[in-house]
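Take a look at the structure below.
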Amino acid sequence: MNSKLLFPLMLLCALLATSSMFSQSSNQNRKQKTVTYHTNVNSPLTSSELAKINEVYGTTSTENVLSKPQRLKDIKNILRNRVEIKSIPNPSDQKPCTLLSEVPLMDYYVTNLERAPNFNPQTFNPLKYLFSFYSNGTHMYRVDNTNYFIIIKSQHK
C-alpha cells in the first residue's frame with residue numbers, strides 16, 4: 001500500500017477509536033434515574049383530579065392526557081404524591097424561594113387560563129403552573145403574601 005495513503009488512514013482509525021472510547025465512558029458515567037410510582041397511581045381519577053386536568057387541557061384533555069396511559073400516570077403521580085402544601089408559621093426562617101406569582105401559567109391548551117384570586121390549599125391546581133416537575137431535586141415555591149409553601153418533590157427517589 002502507498003505510504004502517502006497509509007498515514008491518513010491510520011490517523012482516521014486512531015481518531016475514531018478515541019471518540020468511541022470517550023462516548024462509551026461518558027454514557028457509563030451517566031446514571032439512569034428511575035421514576036418510582038406509589039401504588040395509588042393505579043386507582044381511577046377522582047372527580048376533582050379530572051376537573052383539574054380539564055381546567056388546564058380543556059377540549060384536548062382526552063387527546064393529550066386521558067388517552068395516554070403513561071402521561072395520565074405521571075399526572076396522577078404529581079397530584080397524589082409529589083405536590084405538598086405546607087403552612088410555615090415563620091416564613092422568614094426559610095431561604096428565599098420563587099413566588100407563585102413568578103411561575104408562568106401552563107396556558108398552552110386553554111389560552112384564557114387564570115390564576116386563582118385567592119389561594120386555597122384544598123382546591124389548588126398545580127397543573128396550572130409550569131413548575132419544575134421533571135427536573136432533578138425538590139423545589140419549593142412560596143405563595144405570595146401568605147405562610148404557604150408549595151413543595152414539588154422529585155420524581156426520582
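The values are calculated or read from the model by the stated rules, or taken from the named source; none is laboratory data. None of the values given here were measured: they were computed from a predicted structure. Quick reminder, even Gly has a Cβ in these numbers, built from the backbone with ideal geometry, and neighbours come from all protein chains shown.
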Picking from TYR134, TYR109, the residue that is among the hydroxyl-bearing types (Ser, Thr, Tyr), part of a loop (DSSP other than H, G, I, E, B) and modelled with pLDDT under 95 would be TYR134
In region 65-124, anything under 30 Å from THR34 (Cβ atoms) and exposed (fewer than 11 other Cβ atoms within 10 Å of the Cβ) is listed as SER67, PRO69, GLN70, LYS95, PRO104
| said: Condition first: more than 15 Å from the chain's Cα centre (by Cα) and surrounded by 13 or more Cβ atoms within 10 Å (Cβ to Cβ). Can you find one or more residues in region 129-142 that meet it? | reply: yes
Considering only helices (runs of 4 or more DSSP H) wholly within region 1-88, the ones with at least 3 residues that are modelled with pLDDT of 95 or more and hydrophobic (A, V, I, L, M, F, W, C) are 47-57
Cβ pairs under 6 Å, 6+ apart or interchain, first in region 32-58 and in the same structural domain as LYS128 (by TED's automatic domain parsing) and in contact (Cβ under 8 Å) with a residue 12 or more places away in the chain, second assigned to a helix (DSSP H, G or I) and among the hydrophobic types (A, V, I, L, M, F, W, C), ordered by first then second residue, are GLU49/LEU79; LYS52/LEU127; ILE53/VAL65; VAL56/LEU127; TYR57/VAL65
